[in-house]
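Scroll down for the structure; my scribbles are underneath it.
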Amino acid sequence: MNSNATRIEAHVWRISLVVIIGAIMSILDTTIVNVALATLGRDLHAGISEIQWVVTGYMLSLAAVIPITGWAAERFGAKNVYIVSLGLFTTASALCGLANSTTELIFFRVLQGVGGGMILPIGQLMMAQAAGPERMGRVMSIVAVPAMLAPILGPTIGGLIVDNASWRWIFYVNVPIGAIAIIAALRTLPRAERTNPGSLDYRGLALMSVGLPLLTYGLAEVGTTGSFTATEVVFPLLAGLGLIALFAVHALRVPRPLLNLRLYRRPTFSSASIAMFCLGAALFGGMILLPLYWQGVRHESVVDTGLLTAPQGLGMALVMPLAGRLTDRMGGGPLALFGVTVTTIATIPFGLIGAHTSVAWLSVAMLVRGMGIGFAFMPAMAAAFASLERSELPQATPQLNVLQRVGGSIGTAVLAVVLQRALVGVNTVEGAASAYGTAFWASAILTALAIIPCVVLVRAERAARALKGAEAAASAETRSEAVAA
């Protein structure tokens, strides 16, 4: 492989840095507010059923806006959409801090989600376009770090802010970061290239912008009700799935749909996408269990809980750069398969967890589990992007983000139900610890399910390389015959 062709230029790293700033800000906000819900309810005189919409409204607006990012990037230019998204997110953050009622806070959180939903997919798009397929792994490994660390660091940072300052600073902290990100984007990002994506697929937008939030809401309600059969769960789930199914039929019939589902005809892209969906379910679903265990069974504080979950994030961060380099050399499939296997094995100790299990032992297991996640998640993402033509990237990035979020929501919902049912009738600490062990066994099964698409991804990449080699050989033979003639 030509080292000059695969060397990453300075401008690519500068683009990556700008994207990371925006990614940290938007992803942290999905978790940083969770630890402040009780404080928000007390200060704004609202019950949990009302104040939880501060989180749910943000999640729903994130889900609603993601499908439109590909069309918007092509129509208005990725840089322009990215800067507008940053501006909306930052402004809405300031307004959230100024809110004086629950209604105001929920409304401003929805606005914040509209901005935040576009930041990450547009950032990934610009990085993918700048990196090219040969350097995709190394570049994507950089932006994946904040995506992995945010769910772990969010509660810790939120706890520190709530303990030492007003809850309003959970939102105000975004303002200077957002200003820095906007200035850096204006100065660093390449000139926005516009293409003609055609008219917006309004029918597809209507189906997805209603169907996806309904599905997300239904899954979120599973955690609240503790059941998949409650009316609050069944109706939005069925309605959401029905609208998404109608969108799929519509998207395969029109020439320029909102999301190009024809990309899934490519074995490499489809298998990598399914792997990311399963990994999202395993990763984000498992992340709800550890904090609950530390607080509910071991009675640790919010800040200490965040620190005790840090080894998993550290494990991810340690292997990300190596995983990126190896992905560029070997392809994403073998690494994703290795990472999923390690993650599954490292989850088994948590299935055996007790009320007094050694903190050091659990920390080592979390470190290894984080390493496995680091080797699995980013290579699968890089494989999906590397299988595409440059012109297809705007269509693919929103789809991959939708899959990650829905996978995470499903994993969270499933494990929440398993845990709640395991805790029924439990009145001892050891019994509670055993219930968490049951939930962790379910988490291990969810993780193991990701092995299947990873095996398919390995085979699809191998077939793609063989086809490319055959085409190159045929092209060389044609050229030699032409020269001989």
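The values are calculated or read from the model by the stated rules, or taken from the named source; none is laboratory data. Note that the coordinates shown come from a computational prediction; the quantities given were computed from them, not determined experimentally. Please note: Cβ atoms are built from the backbone with ideal geometry, for glycine as well, and neighbour counts cover all protein chains shown. Surface areas here come from the heavy atoms of the whole protein model, side chains and all, with no ligands, DNA or RNA. Shrake-Rupley method; radii C 1.70, N 1.55, O 1.52, S 1.80 Å.
Remarks
- Annotation note: Cβ proximity below 7 Å between a residue of the range 86-101 that is over 11 Å from residue 29 (Cβ atoms) and free of Cβ contacts under 8 Å to residues at least 40 places away in the same chain and a residue that is surrounded by 19 or more Cβ atoms within 10 Å (Cβ to Cβ) and among the small types (Gly, Ala, Ser) (sequence gap 6+ or interchain) occurs for 88/115.
- Residue list for the range 409-422, filter: buried (at least 18 other Cβ atoms within 10 Å of the Cβ) and over 23 Å from residue 214 (Cβ atoms): 418, 419, 422
- Residues satisfying the stated conditions in the range 247-303, i.e. assigned to a loop (DSSP other than H, G, I, E, B), free of Cβ contacts under 8 Å to residues at least 60 places away in the same chain and not hydrophobic (A, V, I, L, M, F, W, C): 253, 255, 256, 257, 298, 299, 300
- The test for being surrounded by 22 or more Cβ atoms within 10 Å (Cβ to Cβ) and on the phi > 0 side of the Ramachandran plot does not hold for residue 280.
- For residue 424: the one exception among (1) touching a helix residue (DSSP H, G or I) at 6+ places or on another chain (Cβ under 6 Å); (2) under 30 Å from residue 354 (Cα atoms): (1)
Conditions tested, residue by residue: (1) in a helix (DSSP H, G or I); (2) touching a strand residue (DSSP E or B) at 6+ places or on another chain (Cβ under 9 Å); (3) within 30 Å of residue 164 (Cβ to Cβ).
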residue	(1), (2), (3)
313	yes, no, yes
321	yes, no, no
324	yes, no, no
348	yes, no, no
364	yes, no, no
380	yes, no, no
388	no, no, no
397	yes, no, no
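- Answer from 407, 437, 431, 333 - the residue that is free of Cβ contacts under 8 Å to residues at least 24 places away in the same chain and among the small types (Gly, Ala, Ser): 431
- The set of residues in the range 374-390 that are free of Cβ contacts under 8 Å to residues at least 60 places away in the same chain and surrounded by fewer than 24 Cβ atoms within 10 Å (Cβ to Cβ) contains only 389.
- The range 324-354: number of residues that are within 20 Å of residue 310 (Cα to Cα) and modelled with pLDDT under 90: 0
- Within the range 94-126, considering residues that are crowded, with 24+ Cβ neighbours inside 10 Å and in contact with an Asp or Glu (Cβ under 8 Å, 6 or more places away or on another chain), the one nearest to residue 23 (Cα to Cα): 116
- Of the residues making up the range 179-216, those that are in a helix (DSSP H, G or I) and among the small types (Gly, Ala, Ser) are 179, 181, 184, 185, 204, 206, 209, 211.
- Test: residue in the range 254-269 that is under 18 Å from residue 415 (Cα atoms), of a type outside the set (D, E, K, R) and at pLDDT 85 or above: no
- Tally, over the range 283-304, of residues that are surrounded by fewer than 22 Cβ atoms within 10 Å (Cβ to Cβ) and of a type outside the set (A, V, I, L, M, F, W, C): 7
- Enumeration of residues in the range 201-224 that are open to solvent by 30 Å² or more (accessible area, probe 1.4 Å), β-branched (Val, Ile, Thr) and within 19 Å of residue 408 (Cβ to Cβ): 224
- The one condition in (1) open to solvent by 30 Å² or more (accessible area, probe 1.4 Å); (2) more than 30 Å from residue 416 (Cβ to Cβ) that residue 250 fails to fulfil: (1)
- Filtered residue count, the range 37-50, keeping only those that are among the aliphatic types (A, V, I, L, M) and modelled with pLDDT under 80: 3
- Residue match in the range 428-443 (condition: modelled with pLDDT of 80 or more, out of contact with any helix residue (DSSP H, G or I) (no Cβ under 7 Å at 6 or more places or on another chain), surrounded by fewer than 19 Cβ atoms within 10 Å (Cβ to Cβ) and not in a helix (DSSP H, G or I)): yes
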